[in-house]
Amino acid sequence: MDAVDVAVVGGGVIGCSVAYHAARSGAKVVLVEAEGIGGGASGAAAGMLAAQAEAHEPGPFLDLLLASRDLHGPLGEELRERTGLDPEYAWSGTLSVASSVEGERDLYARYSWQAGLGLSARWLSGEEARDLEPALSPDVSAALYLPEDGQVNSPRLVQALVLAATERGVWILDFTRVTGFVTESGRVTGVRTARGEIPAGAVVLCGGASSGILAEDLGVNLPVYPVKGEVLAVGVRPAPTRANVWGERCYAVPKRDGRMIVGATEEPGVHDRRPTLGGVARLSAAALDLIPTLKDAPFLNAWGGLRPATPTGRPILGAVEGWDGLLVATGHYRNGVLLAPITGKAISEAALGEAPSVDLRPFAPTALAGQEAL
Ligand code: FAD
Ligand code: GLY
């Protein structure tokens, strides 16, 4: 097959973003996906762009989350112009709520360090939280409002990225598994697929929860493992809340298409993506405690996905030591949708031999040397 500048392995939101950004820089790109595009975790995600609600401390990871959140607005506009597809962005914030003393304490700690950094964050009493979102349970005793967080329709974002990538000439090979790498004297020079070999100047591994299995082919330890998440959707029109609401046991995300997505379970090491009755029961109970009026909402469906997790909870980004021509972009765990723009931008820059526009060193594969997947 024809040689390309960049071969991307995996057609989730990360691979599609890398492929789009590389093609936008003028590279010849192939994207190889074992199943359907967006059929992995990216198709299951709730789509929150919750940089502040998901951050646990200041540092490089928070900086990465915030930088990527900033890129979503312009990327969304660009994709809409290029493809006519609307990824359904909404910037109504996250309202994280507490209904216990421990919950309040944790939330207040988050408020303190975020406000101390100058990030937009408001501390609210239970009453003030209900003034903002009247559908909230009377049990809510305090809340942290993070007005700059947002959300997107994740499957739509993937669709728009892949359409824009195709328009830029990216060659999409879906339903084609990468079975290994072509190597020559310590350099990865292409990928091996069921349809033949594809020579490439650089290969970027974006295989989600399966990335570690592929890396083994080269003797590279990539400690990525699945953390299953189940979510469910109910029909709600009008939406009971404007913001994404995070309770102590679930979150609820109002979608523009009249659904509210309730998530999510966390099951490390589980490979079966199917939703379970137990998961639906736990999420339903938690959702009713958070927003009691949901009891009248028609149940639509439930699904599951495998978050690509790492021992540090942070992604693995950058060149693999010992193998020239190989880069990884995986392990985005709970924040792959949020982190897709910055990952696509910085990793495509690195794959094309440019200096990445953000410092990827804290996320280098070597930062996890010696650590094992679950
Ligand atoms: P995936 O989307 O899993 O894509 C990897 C792709 O690689 C798959 O399509 C797979 O088929 C392919 N692949 C694997 N092996 C091969 C091979 N050998 N050859 C070719 N292709 C291969 N993140 C957020 O930012 N916000 C959220 O609100 C959010 N909610 C979530 C809710 C749930 C229930 C779950 C499960 C996840 C959620 N996430 C969220 C996390 C987010 O979905 C992931 O971090 C993100 O989708 C990871 O993207 P990815 O492209 O790395 O992986
Ligand atoms: N970020 C939400 C989730 O992973 O469930």
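Values for this structure:
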read-out	value
Selection status of residue 71, modelled with pLDDT of 95 or more, hydrophobic (A, V, I, L, M, F, W, C) and within 17 Å of the chain's Cα centre (by Cα)	yes
Residue list for the stretch 203-230, filter: of a type in the set (A, V, I, L, M, F, W, C), open to solvent by 10 Å² or more (accessible area, probe 1.4 Å) and within 16 Å of ligand 2 (Cβ to nearest atom)	209, 224
Identity of the residue in the stretch 152-196, under 30 Å from residue 245 (Cα atoms) and open to solvent by less than 10 Å² (accessible area, probe 1.4 Å), that ends up farthest from ligand 1 (Cβ to nearest atom)	160
Meets criteria (within 15 Å of ligand 1 (Cβ to nearest atom), touching a strand residue (DSSP E or B) at 6+ places or on another chain (Cβ under 7 Å) and open to solvent by less than 30 Å² (accessible area, probe 1.4 Å)) for residue 68	no
Wholly enclosed helices (runs of 4 or more DSSP H) of the stretch 9-127 bearing at least 1 residues hydrophobic (A, V, I, L, M, F, W, C) and closer than 26 Å to residue 319 by Cα	13-24, 41-44, 51-54, 60-83
Pairs where the first residue, in the stretch 38-64, is in contact (Cβ under 8 Å) with a residue 24 or more places away in the chain and open to solvent by 20 Å² or more (accessible area, probe 1.4 Å) and the second is assigned to a helix (DSSP H, G or I) and near ligand 1 (Cβ under 7 Å from one of its atoms), C-beta under 6 Å, 6+ apart	40/208; 41/208; 45/154; 45/337
All strands (runs of 3 or more DSSP E) inside the stretch 204-254 with 3 or more residues being over 30 Å from residue 186 (Cα atoms) and either in contact with a helix residue (DSSP H, G or I) (Cβ under 7 Å, 6 or more places away or on another chain) or of a type in the set (D, E, K, R) (or both)	225-235
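The values are calculated or read from the model by the stated rules, or taken from the named source; none is laboratory data. Note that this is a predicted model, so its numbers are computed, not measured. Glycine also receives a Cβ, built like all others from the backbone with ideal geometry; neighbour counts cover every protein chain displayed. For accessibility, only protein heavy atoms count, side chains too; no ligands or nucleic acids. Shrake-Rupley method; radii C 1.70, N 1.55, O 1.52, S 1.80 Å.
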